[in-house]
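Asker: My structure is below; once you've seen it, I'll send some questions.
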Amino acid sequence: MTLTLDQALTGISGILVTPYDDNGDIAPARLAPILDRALAAGLHMPVVNGNTGEFYALTTEEAGTMVRAVAELVAGRAPLLAGIGRGVRDAIALAKVSVQAGAAGLMVHQPPDPFVSPRGILDYLKAIADAADGLPIMLYLRNDGIGIRAIVDLCSLPGVKGVKWATPNPLKLAEAKAACDPAIVWVGGLAEVWAPAFYAVGARGFTSGLINVWPERSLAIHAALEAGKFAQANDLIAGMKAFEDIRAEEMNGTNVTGVKAALLALGRDCGPTRPPSAWPLTAAQQVRLDAFITQNKLT
């Protein structure tokens, strides 16, 4: 049975890679076996055009092609969350494409503009909400420096469903959660490793790039957290932490590199990453990745 968006948001938001062909052009069909395996494992909500999808390396046209193609690949098996962002006009255009493609909700990336004000983000989000045709909106918060008051204002806008919290500050998350409408859904936005800390202060669900490579482990971690079995969840996380450690190197510049290198090693070539992401892994990083794959008998 297909989950509702409310159910899916408290599950795993699986951030899909963006595959490229031998010419460096997007090749969404290469996602089919990756997506099929993740959904078969129980993935609650695939996410297209997220950071593991190299959103900022894509043109707006490519991002639009990706959301249409992934919606067709998902084929209604789960709610699809579509990332949008960049300049306000690009964000509005991509929001409209995502609505037309059949996305269940929009994940709004935090603007990377060097001159961002809290009230400017509010105007940015209002413009996107107007183009969203009533589709629920998730905020992707990567900088909590905007302050609790600004977060409350953003979460108070009509259509805002929740927040993917992607800063390593669970105490600030708890403070924001207490200040906002209880109906807002707070999702751990720093993947499996941070999920227990975020769960401890009231978040539900988490984002994951691991689902591209090892969805079964990600689902097991989610199940343990949902059951309140924190020791079990931490043991499961310890078994995949080597993968996340590789992804966190070079100022997180190997974040997507680690995922695509693992997919390549497993025979599911999705091409390299685009600059300024690092590619390929260094020889030492590749040795560690190969050991991780062998030790866990990944296929």
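Asker: Expressed in nm to one decimal, what extension gain is obtained for the pair GLN295 and PHE230 from 0.36 nm per residue of sequence separation less their Cα-Cα distance?
Answerer: So the extension gain works out to 21.1 nm.
Asker: For ASP130 and GLU61 in one chain, what is 0.36 nm times their gap in residues minus the Cα-Cα distance, to one decimal in nm? Please list the in-between numbers first.
Answerer: On the way: separation 69, 0.36 × 69 = 24.84 nm, distance 2.07 nm.
The ASP130-GLU61 span can extend by a further 22.8 nm.
Asker: Could I ask something else about it? Using unit Cβ charges (K, R positive; D, E negative) and no other charged atoms, how large, in debye to the nearest 20, is the dipole of the stretch 69-121 about its Cα centre? Write down the numbers at each step before the final one.
Answerer: Details: 5 positive and 3 negative charges, 21 e Å.
Charge dipole of the stretch 69-121: 100 debye, to the nearest 20.
Asker: Further, regarding this structure: Net charge around ALA200, counting only other residues with Cβ within less than 15 Å of its Cβ (Lys, Arg = +1; Asp, Glu = -1)?
Answerer: Around ALA200, the charge tally is +1.
Asker: Would you be so kind as to identify which of ALA284, THR254, ALA150 lies farthest towards the positive end of the dipole of the chain, taking Lys and Arg as +1 and Asp and Glu as -1 on Cβ and the Cα centre as origin?
Answerer: Of the candidates, ALA150 comes out farthest on the positive side.
Asker: May I ask for the net charge around ALA284, where only other residues with Cβ less than 13 Å from the Cβ of ALA284 are counted and Lys, Arg are +1 while Asp, Glu are -1?
Answerer: Details: positive: ARG288; negative: ASP245, GLU249, GLU250, ASP290.
Every neighbour counted, the sum reads -3.
Asker: At 0.36 nm per residue, and after removing the present C-alpha to C-alpha distance, how many nm does the segment from ALA32 to ALA223 gain when stretched out fully?
Answerer: Working: separation 191, 0.36 × 191 = 68.76 nm, distance 2.49 nm.
Going from the current span to full extension adds 66.3 nm.
Asker: Cross-link partners among lysines for LYS260, C-alpha distance below 24 Å, same-chain residues fewer than 8 apart left out?
Answerer: Leaving aside lysines fewer than 8 places away in the same chain, those within reach of LYS260 are LYS164, LYS241, LYS297.
Asker: Compute the FRET efficiency between ALA284 and ALA238 as 1/(1 + (r/R0)^6), taking r as their Cβ-Cβ distance and R0 = 22 Å, and round to the nearest 0.05.
Answerer: The formula returns an efficiency of 0.55 here.
Asker: If you don't mind, there's one more thing I want to ask. Which one, (1) 1.10; (2) 1.45; (3) 0.93, gives Cα Rg over 2.2 N^0.38 Å as derived from the coordinates shown?
Answerer: (3)
Asker: Where in the chain are the helices, taken as whole DSSP H runs, whose Cα atoms extend 15 angstrom or more along the long axis and whose Kyte-Doolittle mean reaches at least -1.0?
Answerer: TM-like helix candidates: 60-74, 88-101, 118-131, 215-226, 255-265, 283-295.
Asker: Suppose every Lys and Arg Cβ carries +1 and every Asp and Glu Cβ carries -1, with no other charges. What dipole size does the chain come out with about its Cα centre, to the nearest 20 debye?
Answerer: It comes to approximately 400 debye.
Asker: Another question, if that's okay. Say each of ARG119 and ALA40 gets a label point 7 Å from the Cα, pointing the same way as Cα to Cβ; how far apart are those two points in nm?
Answerer: Taking the two extended label points, one gets 5.5 nm.
Asker: Where in the stretch 192-224 does the label zone of ASN252 land, with the point 7 angstrom along Cα→C-beta and an amide N cut-off under 15 Å?
Answerer: Label zone hits: 192-195, 207-210.
Asker: What lysines could a cross-link reach from LYS161, if we take a straight Cα to Cα line under 21 Å and drop same-chain neighbours fewer than 8 places away?
Answerer: Correct list for LYS161: LYS96, LYS126, LYS172, LYS177.
Asker: For VAL152 and ASP22, what does the FRET efficiency come to when R0 = 35 Å and r is the distance between their Cβ atoms, rounded to the nearest 0.05?
Answerer: 0.15
Since every read-out is calculated from the coordinates, none of them should be taken as a lab result. Since the model is a prediction, treat every value here as computed from it, not as a measurement. Ideal geometry is used to build each Cβ from the backbone, glycine not excepted, and the neighbour counts take in all protein chains shown.
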